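The structure appears right after this line, and notes come after that.
The values are calculated or read from the model by the stated rules, or taken from the named source; none is laboratory data. Owing to the predicted nature of the structure, the values given are computational and were not obtained by experimental measurement. Ligands, DNA and RNA are stripped out before the accessible areas are found, and what is left, the full protein with its side chains, is counted by its heavy atoms. Shrake-Rupley method; radii C 1.70, N 1.55, O 1.52, S 1.80 Å.
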Amino acid sequence: MNRQFSETMASLRRARGLSQRTAAADLGISQAQLSHYENGVREPGLDFLCRACDYYGVTADYLLGREERSEIEERRADELRQLNGEIQSLAARMQRLCGDAPD
């Protein structure tokens, strides 16, 4: 496995504010084993790779460094764009309604 996997694993855990102990317990492995994965000392099996993808909400391609943005990041960006559009629409509507109201 490439170095990207190790770096991505560690980055995902840190971004969520998780200790190695907590993430390892949640993933059903020892802290030492997670440390080995995050430092590139050992490579995980397919079963662990699937669990890690589910746990962090990312695709295997993202975890393996084959795509730059995770699926969850894409969904969040899409949702933020949609919410921004709704906010703009509501702001315009409020302005129309409040602009016509007496003070």
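Would you work out the relative contact order for region 1-41, in percent, from Cα pairs under 8 angstrom that are 6 or more residues apart?
Here the relative contact order equals 48 percent.
How do 35, 89 stack up against each other in accessible area, from largest to smallest, with a 1.4 angstrom probe?
Solvent-accessible surface, decreasing: 89, 35.
Considering the alpha-carbon set of the chain alone, what are its Rg and its Dmax in angstrom?
According to the Cα coordinates of the chain, Rg and Dmax are 20.9, 70 Å.
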